[in-house]
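Values quoted throughout were computed directly from the atomic coordinates according to the rules given, and no laboratory measurement underlies them. All values derive from a computational prediction rather than experimental measurement. Here the Cβ positions follow ideal geometry from the backbone for every residue, glycine too, while neighbour counts run over all protein chains shown.
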């Protein structure tokens, strides 16, 4: 029967007789050592051409290629698990153990180290070793703490090379998005006044602009390099916008998220469509805020008149019925007084799904605009103080007249919400300040915001530039206020008797007039805005009222309230 022992690696047998060659390996080792002692090695040195040639099993078991997996799972895709490394030592005949190296010959430790460089091969088994080496495999996990210095209880920073670059896995810096430098094209879904001001700022920074909007005469069209006139759900137009752009953003919420997801398969869309899916739907928005622990008004989901009747009993005071989807500037809202008829109110709302929200006795309405980049860095503008009339923003004062604790609370809330949503871009957070100093979150807008228009004149960096910087991977600009300011929306009501006389407004010290280029004026439609800079917020308000009240009088509108 052929022997399955290990053939010695250093003893040439060609000069021995066949009888001696058939001896067991144990005796051959002794004979070889004796021959060297007697000086016979020198006489036969010309026959020692196989000296040091590695040999495997005498009769290796055949196996197919590639070899099957080992007993343990191989390292994962990120190299985070320990691999199944092959033994690195030479063959040790007859199962003898290696002698400890000098650095382990201490009284405390006399056995071979627990590693692969000085230990014997494991016993032969099916699918064992062959005469030629297997493909190399990884030995040590790149981020495995115990073998950082090839000994237990090591640390990542103990590695000899690159220790300063080693970090624990859960503290890794998130991968950064590629920077979109000036000269590239920014695609904007929506061509309203926000898209217009965003495009004007981007062009000043050196970017080209592509716009998608259903209207040919949209405000952003004249300042765009490319205007695509098509519905927001036109797949052909969406693909063309993606092909013409390097990165894509949007200017308002009423866009089908399916359209943005289609573009996202071709180009980056920021903020992510998943953020818009939450913020464009009041029910999802309120549920997100409530489940995340952010303070918000109490609400109930309404799907029928019966639901509304039951919810009205939970809100005995005044409350507000709001449509779940596609509501902005006060649209899709209905104020309900105590004892309101649920059936009549539900029929009047004429919506399939809504939320009933409690009335909030707020002291003032405020908003915070926070910019966040792909690395998680965020920077927020100081809070804005807002006043609405008929659900539409009428006036913004900057900075808001808040105490420091309330302002810091609002800023912290906005940053936390942006972090929770994973926003990359600009997020507008509308809030209520209560009499006891608490803050309640009202609405979210993942875009440039109406209250931030005055940042063009009142801040080092406008909200439009900050949005571009965030989505293009550029450093943030300063948000420090340059001066107090007030912004007044100019609605289509001022055009009731024709184009207003803008000469007194243009002569206002510290005043800046912005008209959006809309061809048709309608009551409640935003046609432009006026920004007034002054030494104090109160002075800015007074100057704005003095300039606009004559125009309102001409259009048979009541004067602005102080």
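Can you pull a Stokes-Einstein diffusion coefficient for region 185-269 at 20 °C (1.002 mPa s), Rh from Kirkwood over Cα pairs, as a whole number of µm²/s?
176 µm²/s
Give or take rounding to whole Å, what are the principal axis extents of the alpha carbon atoms in region 476-562, in descending order?
Largest first, region 476-562 extends 40, 29, 22 Å along its Cα principal axes.
Give me the one-decimal Kirkwood hydrodynamic radius in Å for region 235-278, with the sum taken over alpha-carbon pairs.
10.3 Å
Kindly rank 459-472, 382-395 from highest to lowest mean number of other beta carbons found within 10 Å of each residue.
Packing order, densest peptide first, comes out as 459-472, 382-395.
If I take every Cα pair under 8 Å that is 6 or more residues apart in region 364-554, average their sequence separation and divide by the length, what percent do I get for the relative contact order?
Across region 364-554, relative contact order equals 20 percent.
Give the Cα extents of region 364-554 along the principal axes, in whole Å, largest first.
Computed over region 364-554, the largest-to-smallest principal extents equal 50, 40, 29 Å.
Rounded, prolate or oblate: which one fits region 267-325, using the alpha carbon gyration tensor with axes a ≥ b ≥ c (rounded when a/c is under 1.5, else prolate when a/b beats b/c, else oblate)?
Prolate, since a/c reaches 1.5 and a/b exceeds b/c.
Which whole-number value in Å³ per residue fits the convex hull of the alpha carbons of region 298-358?
70 Å³
Please compute the length gained on full extension between residue 266 and residue 350, using 0.36 nm multiplied by the number of residues separating them and subtracting their Cα-Cα distance.
Here the answer is 26.4 nm.
So, by mean Cβ neighbours within 10 angstrom, what's the order for 512-518, 368-374, 251-257 with the highest one leading?
Peptide ranking by packing, descending: 368-374, 251-257, 512-518.
Dividing the alpha-carbon Rg of region 242-373 by 2.2 N^0.38 Å yields what?
Taking N as the residue count of region 242-373, the ratio is 1.25.
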